[in-house]
Amino acid sequence: MRTHLWRAVIVAASATSLLSRAAAHDLWLVPPASAKPNEKAVVSAVSGTKFPNGDHAPDPSKFAKRIVVAPDGTVSEADAGGMNDKAGLLTWTPAKDGVYAVAVQTVPRILKLDAEAFNDYLVSDGLPHIYRLRAKEKSLDQPSIERYSKSPKALVRVGDGKGGDPCKPLGLPLEIVPLTNPFGCKAGDALKVRVLFDGKALADANLGWDHPGDGQDPAGTVRTDAKGEAMVPIARTGLMTIRLTHMTRPKTKDYEWESFWTTLTFRIPE
C-alpha cells in the first residue's frame, strides 16, 4: 500500500478507522534497455505494485489504444506482441534515431469497494480531497462504485536519441509531461514535469516516483502547483517511473466516482 505522511493527519482528524487494503496495481510501460533503427523494439506492459516487477501479464491486444509517436511527430499503432510470464509486449520498428513516445489506454472497468476499503484507497493513493468530501457529507460508511482506466506512457531512446520532442503531450486523459528532456538529466538533477487532465493543467496532484527495488511505497511524493507543475528529483541513473491517480465524481446511474491512472517511465542515461 502506498503510504504518505498526511495519512496520519487525516486519520487523527477523523474518528474513522482505516484498514489496510490490497495495494493497487499500477500499469507501467517499461522501455527497452536499448533500441536501434530498423530493428524491432519491444516495450513491456507490466501491472503490479513493486516497480518494475509485474504480478500478471496484461494482454496488449485488449488495450483500447496502443500509440507510438515518432521523432517527426508521426503517430502509428504499436503491434500487440503477445505476452510472456509477467508482461504484455508492445512492438514496432523505429525507422530512425530519436526519442519515441509509446502509450496505451485501457478499456474502462467498474470497481466496487466496501466503505473501509474505499476510504483507505483514497488516503493511500493521494486523494484526500475525496476523503474529506465524504467526511463532510457523512458518507464515509457508504460503499463505492467507481469506473477506472489507465493511460501509461514510456519514452524510448532509439539509437543516438537525437531528434523528437519528449516534452510534447500526447493527449491522454491523464498525462505526466516532462518539461525538460529526461535523457539530458543525471543523478542529482531534478526533472520538471506538468500534469494534464483532459488537456488542462491539474493542480494539487499527488505525484509519486519509483526506482527498481523501492518496494510498494514510493521513493518520494510531491504535489503539483497551481500550474500543474512539480520538480521530481533524479536520485540515480537507470529505470525510473512517475505515477499518479486522479479521481472525479460524475455520479452517473452506473457509477458515482471515476478514477484515472497514469505513469511516465524512462531511463536516465548511465
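Read the figures in this text as sums done on the coordinates, not as results from a lab. Every value quoted in this text rests on a predicted model; they were computed, and no experiment measured them. We place every Cβ from the backbone using ideal geometry, glycine too, and count neighbours over all the protein chains shown.
Values as computed for the structure displayed
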{"read-out": "The chain - mean residue ellipticity at 222 nm from DSSP helices (-39,500 (n - 2.57) per run, n ≥ 4, rounded to 500)", "value": "-3000 deg cm²/dmol"}
{"read-out": "Chain lengthening between residue 91 and residue 113 when straightened (0.36 nm per residue, less Cα-Cα)", "value": "4.4 nm"}
{"read-out": "Simple label model, 7 Å out from Cα along Cβ direction - residue 142 to residue 65, nm", "value": "3.2 nm"}
{"read-out": "Contour minus Cα-Cα distance for residue 251 and residue 200 (0.36 nm per residue)", "value": "16.2 nm"}
{"read-out": "Mean Cα-pair separation over length for region 53-145, i.e. relative contact order, pairs under 8 Å, 6 or more apart, %", "value": "26 percent"}
{"read-out": "FRET efficiency, 1/(1 + (r/R0)^6) with R0 35 Å, evaluated for residue 192 and residue 132 via beta carbons", "value": "0.75"}
{"read-out": "Radius of gyration and maximum dimension Dmax of the chain, Cα, Å", "value": "18.5, 60"}
{"read-out": "Per-bin percent of Cα-Cα distances, region 95-189 [5 Å]", "value": "3, 11, 15, 15, 12, 11, 10, 9, 7, 4, 2, 0"}
{"read-out": "Projected label distance in nm at residue 165 and residue 56, using a 7 Å step from Cα toward the beta-carbon", "value": "3.9 nm"}
{"read-out": "Cα lying deepest toward the dipole's positive end in region 131-239, options 187, 231, 167, charges on Cβ", "value": "167"}
